[in-house]
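A.B. asks: To start, I am sharing the structure in question, which I have written as structure tokens.
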Number of protein chains: 2
Amino acid sequence: MPPAAAEPLTPERILETTEEVLRRFGPTKATVVDVARALGVSHGSVYRHFPSKAALREAVTDRWLARSVVMLEQITSAPAESAPSKLEAWLEALFEAKRHKAGDDPELFATYTVLLTENSGVVDAHLTELIDQLGRIISEGVAAGSLAADDVPAAARAVFDATGRFHDPQYAADWLSPTIITEFEAVTALVVRGLRA
Amino acid sequence: MPPAAAEPLTPERILETTEEVLRRFGPTKATVVDVARALGVSHGSVYRHFPSKAALREAVTDRWLARSVVMLEQITSAPAESAPSKLEAWLEALFEAKRHKAGDDPELFATYTVLLTENSGVVDAHLTELIDQLGRIISEGVAAGSLAADDVPAAARAVFDATGRFHDPQYAADWLSPTIITEFEAVTALVVRGLRA
DNA sequence: CGAGTGACAGATATTGAAATATGTCACTCG
DNA sequence: CGAGTGACATATTTCAATATCTGTCACTCG
């Protein structure tokens with residue numbers, strides 16, 4: 001981390017550095033003073049851009065979640081063979097992304113899990129977005145006659161709830177089990193079958 | 001709590017008193033000395049019957065889980081209109097039981113949640129038992145032609161996983177939401193539909 | 001005997017004083 | 001000006017001492 005550049009201090013730069021500091025020190029040790037030090041400014045300056053440490057961490061959480069939605073949005077809006085297969089692909093992409101994040105860098109994942117529980121409001125908005133994507137896929141299926149659902153948002157929510165074990169970070173430890181993929185496939189198959197016209 | 005009776009000190013009495021002490025002091029404050037005091041004996045005597053505090057707490061956990069299985073076993077082995085409706089009744093009984101335990105005495109529920117995370121081995125055995133009951137209901141449905149499943153144990157497991165949000169204590173906070181019942185019904189309907197022949 | 005004891009060593013938890021962090025704001029200086 | 005500062009008051013965390021608890025065992029006594 002270079003001690004400073006004469007670049008202007010922007011919210012964006014602060015967020016980047018906060019991520020860096022969180023990655024290095026973890027969620028309990030990372031302080032606003034650390035962030036300021038890494039940026040080569042006083043901690044008072046950070047408070048010019050974010051009203052509190054909580055707001056700063058919330059913004060980091062939001063950014064992180066926003067990034068992870070992009071790929072799923074691509075699946076959602078891309079044309080696919082059929083709605084059921086798109087649904088399966090979407091669920092698998094979500095699971096695989098989470099599983100790799102958790103498996104490849106467990107410490108960083110644990111850090112973000114802490115941030116997530118700290119910022120349930122941001123998480124709720126994110127989940128709403130994901131469920132909305134599911135709703136769009138299901139609508140597509142209903143329109144094409146391959147899926148059946150009289151209340152699409154409720155069905156989307158049900159699919160999301162039913163697959164919680166494969167995306168809720170609380171279950172991250174289970175994702176290391178060698179049988180987890182079989183279990184994922186069983187649940188996915190059950191859910192998609194339940195939704196078929 | 002009477003200071004002692006001249007009754008013989010049995011594992012059963014110790015377990016009862018330990019439950020009592022856990023209920024009153026919570027999982028972090030309850031000590032073996034407290035249990036001994038409540039029984040009117042020295043704490044050394046408790047160690048005559050249980051090799052460690054951990055073993056004692058594990059035994060309490062086991063007892064508690066065993067008690068809660070009885071009602072579900074009754075549903076499992078009772079005759080029913082159809083396998084799908086028995087499956088629905090079983091899932092609803094499980095959810096309602098948990099929801100009431102969590103809602104009626106949140107502190108006690110929190111205490112047991114701590115014991116549960118401490119004793120994952122006991123919990124795993126308990127979950128296996130529950131999933132086994134589900135398997136028996138599904139088998140019955142397959143035999144009667146009302147349900148379809150080529151791998152019954154896997155299907156049972158999938159049903160259990162898919163309904164996790166409505167029995168995993170980690171979600172207990174959600175059970176207070178006024179929409180939770182609707183969500184439960186949506187997931188149950190989806191899962192049962194996915195299993196229908 | 002043998003169920004129960006209680007003093008003991010080592011492990012764990014509590015406490016409160018010192019150290020560090022958060023958040024504010026009057027000020028500096030380009 | 002106005003972005004950035006740093007000294008300050010308050011809140012939170014850390015750390016080491018003290019207290020309590022766990023687990024053992026030689027012993028008591030009905």
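The values are calculated or read from the model by the stated rules, or taken from the named source; none is laboratory data. What you see is a predicted model, and the numbers here were worked out from it, not measured in a lab. Positions of Cβ are backbone-derived with ideal geometry, glycine not excepted, and every protein chain shown enters the neighbour counts. Side chains are part of the model used for accessible areas, which takes the heavy atoms of the whole protein and leaves out ligands, DNA and RNA. Shrake-Rupley method; radii C 1.70, N 1.55, O 1.52, S 1.80 Å.
A.B. asks: Find the accessible area per residue for the protein assembly as shown; the probe is 1.4 Å, ligands and nucleic acids are left out, and the unit is Å².
C.D. replies: The answer is 49 Å² per residue.
A.B. asks: Between chains B and A, what is the buried accessible area summed over both chains (1.4 Å probe, protein heavy atoms, nearest 100 Å²)?
C.D. replies: On the way: alone 10600 and 10620 Å², together 19450 Å².
Chain pair B/A: roughly 1800 Å² of buried accessible area.
A.B. asks: Rounded to the nearest 20 Debye, what is the dipole magnitude of region B:1-127 about its Cα centre when Lys and Arg each give +1 and Asp and Glu each give -1 at the C-beta?
C.D. replies: Dipole about the Cα centre, nearest 20: 460 debye.
A.B. asks: Let me ask another. Taking a label point 7 Å from the Cα of residue A:23 along the Cα→Cβ vector, which residues of region A:68-107 have an amide N closer than 20 Å to it?
C.D. replies: Residues A:68-71, A:97-107 fall inside that zone.
A.B. asks: Rounded to whole Å and sorted largest first, list the principal axis extents of the Cα atoms in region B:77-161.
C.D. replies: Here the Cα extents, ordered largest to smallest, are 44, 26, 19 Å.
A.B. asks: Once amide H atoms are placed 1.01 Å from N in the peptide plane, what residues at a sequence separation of 5 or more from residue B:196, or on another chain, have their amide H within under 5 Å of its amide H?
C.D. replies: B:148
A.B. asks: Over chain A, calculate the relative contact order: mean separation of alpha carbon pairs under 8 Å at least 6 apart, over the residue count, as a percent.
C.D. replies: 21
A.B. asks: Would you please calculate the Kirkwood hydrodynamic radius of chain A over all C-alpha pairs and express it in Å, rounded to one decimal?
C.D. replies: Numbers: mean 1/r = 0.0538 Å⁻¹.
Answer for chain A: a Kirkwood hydrodynamic radius of 18.6 Å.
A.B. asks: Sequence gap of 8 or more, or different chains, plus Cα separation below 24 Å: how many lysine pairs satisfy both in the protein assembly as shown?
C.D. replies: Numbers: A:29/A:53; A:29/A:101; A:86/A:98; A:86/A:101; B:29/B:53; B:29/B:101; B:86/B:98; B:86/B:101.
Counting lysine pairs in the protein assembly as shown gives 8.
A.B. asks: Please name which of B:180, B:141, B:26 has its Cα lying farthest along the dipole of chain B towards the positive end, using unit charges on Cβ (Lys, Arg +1; Asp, Glu -1) and the Cα centre as origin.
C.D. replies: Positive-end residue among those listed: B:26.
A.B. asks: Which one, B:75, B:164, B:114, is farthest towards the positive end of the dipole of chain B when Lys and Arg carry +1 and Asp and Glu -1 on their Cβ?
C.D. replies: B:114
A.B. asks: Tell me, rounded to the nearest percent, the portion of alpha carbon pairs in the protein assembly as shown spaced more than 33 Å apart.
C.D. replies: Within the protein assembly as shown, distances greater than 33 Å cover 46 percent of Cα pairs.
A.B. asks: Further question: At 1.4 Å probe size, with the rest of the protein present, what percent of the exposed accessible area of the protein assembly as shown is carbon and sulfur atoms?
C.D. replies: That share works out to 56 percent.
A.B. asks: In chain A, which helices (entire DSSP H runs) extend 24 Å or more along their own long axis, judged by Cα positions, while averaging at least -0.5 on the Kyte-Doolittle scale? Don't skip to the end; give the middle numbers.
C.D. replies: Numbers: long enough: A:53-77 (36 Å, 0.09); A:83-104 (31 Å, -0.63); A:120-144 (36 Å, 0.57).
Qualifying helices: A:53-77, A:120-144.
A.B. asks: Give, rounded to the nearest 20 debye, the magnitude of the charge dipole that the protein assembly as shown has about its Cα centre when Lys and Arg contribute +1 at Cβ and Asp and Glu contribute -1 at Cβ.
C.D. replies: The calculated dipole for the protein assembly as shown is roughly 940 debye.
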